[in-house]
Amino acid sequence: MTTRYVPPVPPSAPDAAKATSGLKQLVPMLLASRLTQRDLHVLRALWDHHVLTTGQIAQLAYPNADRARRGMLRLTNLGAVERFRPLLPPGKGTAPLHYTIGQAGAHVIAADQGIPFADLGYRRDRILAWALSPQLAHLIGVNGIFTALAAAARHHPAADLVHWWPERRCSKTWAPYIRPDGYGRWCEHGVCVDFFVEYDTGTQRPLKKVVDKLRGYANLATADGFTTPVLIWTSSRRRETNLHAAIGTPPVPVFTTTPDAIRDEQLGPAGPIWLHATSRGGPPRLRLSTLARYARPFPPHGDTNEI
């Protein structure tokens, strides 16, 4: 007896929508079951801070760059992250791989935060726009300061990068006074210091604009009663010297540094690299933790470690 083939009946519109919705819920669940705590740590960082290089991800979560490359290739194959390599000017070599969060990774973040995916605000076009953004180098520079601090904390059990906030969160918290490139809280041997970061490439803005931003910090300190050091990372010793001359006597504690001030790679920005803006070749550069003496710290935040 021959069995007659009967084509399946297409589902009705409500049933199809229900099946699609179920599939969308299943995909992040299956992905999440294959993720480690380290993977989740990296995905959270990519969601909060947009773009990280392989080296920065290694500083944040891996013992070395080779392990980071393998781990990020795995996350790329799972669709949790996407990657790109920005073009550099001729003669400048090859840029490292840059990573952003992928759609599957964004689903995991929504589940991690306990919110519907639609409420997360993920837009793939906005995420990938960083690949061509003129602000990419600035963003990577800012993020590199904090990932270097995270690496220092991993090498020194008595230290911890307790907070790392991106620009958009800072703006929401302290508008209209300031819009720093980042905010952090560093603790070392029981001493904690809050700090704001201003990343000065030396090409994006004249010195006057950097100095003018200090008025906002002074106004904020007057309004909330908390004095917090402002750390300015600039491109060269010459730029740093010119910046000190332009600042004069700042209305809030200001400290500057340059990449070549780092002598201990393990300590990085946590080490003795910070020069008070009123220094005129006198006092030595200071460790980050010692800047606590210049601050009236913020009251404890209610949230936990956010790096």
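Taken together, the values in this text are just the output of simple stated rules run on the coordinates, not laboratory data. Quantities reported herein were computed from a predicted structural model and do not represent experimental measurements. Virtual Cβ from ideal backbone geometry, glycine too; neighbours counted across all protein chains shown.
Data table
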{"item": "Whole-number percent relative contact order across the chain, with pairs defined as alpha carbons under 8 Å at least 6 apart", "result": "13"}
{"item": "Binned Cα-Cα distance frequencies in segment 127-224 - 5 Å width, integer %", "result": "2, 11, 18, 21, 20, 15, 9, 3, 0"}
{"item": "Among (1) 5, 17, 21, 19, 14, 9, 6, 4, 3, 2, 1, 0; (2) 5, 24, 31, 22, 10, 4, 2, 1, 1, 0, 0; (3) 6, 26, 34, 23, 7, 2, 1, 0, the entry derived from the coordinates for P(r) over Cα pairs in 10 Å bins from 0, in percent", "result": "(2)"}
{"item": "Stretch gain in nm, segment THR290-ARG238, where the contour uses 0.36 nm per residue and the Cα spacing is subtracted", "result": "16.2 nm"}
{"item": "Residue with peak Gaussian network fluctuation, the chain [Cα springs, cutoff 10 Å], from PRO176, PRO89, PRO63", "result": "PRO89"}
{"item": "Cβ-placed point charges (K, R +1; D, E -1), dipole of the chain about Cα centre in debye, nearest 20", "result": "580"}
{"item": "Label zone at SER133, where the point sits 7 Å out along the Cα-to-Cβ direction: segment 166-197 residues whose backbone N lies under 14 Å", "result": "166-171, 181-182"}
{"item": "Highest-fluctuation residue, ALA245, ALA106, ALA68 considered, GNM on the chain with Cα pairs under 10 Å", "result": "ALA245"}
{"item": "Kyte-Doolittle mean at least 1.0, axial Cα span of 20 Å or more - DSSP H helices of the chain", "result": "136-155"}
{"item": "Extension gain from ARG38 to ASN64, taking 0.36 nm per residue of separation minus the Cα-Cα distance", "result": "8.0 nm"}
{"item": "Candidate aspartates and glutamates - alpha carbon under 20 Å from LYS213, same-chain residues fewer than 8 apart omitted", "result": "GLU167, ASP181, ASP194, GLU198, ASP200, ASP224, GLU240"}
{"item": "Between segment 185-261 and segment 98-119, the Cα center-to-center distance that results, in Å", "result": "34"}
{"item": "Within segment 247-278: backbone nitrogen closer than 14 Å to the LEU207 label point (7 Å, Cα to C-beta)", "result": "247-250, 277-278"}
{"item": "Computed FRET value (nearest 0.05) for ALA158 with ASP125, which takes r as the C-beta separation and R₀ as 45 Å", "result": "0.55"}
{"item": "Anisotropy class of segment 97-153 from Cα gyration tensor, a/c 1.5 cut", "result": "oblate"}
{"item": "Radius of gyration, Dmax [segment 134-307; alpha carbons; angstrom]", "result": "14.9, 41"}
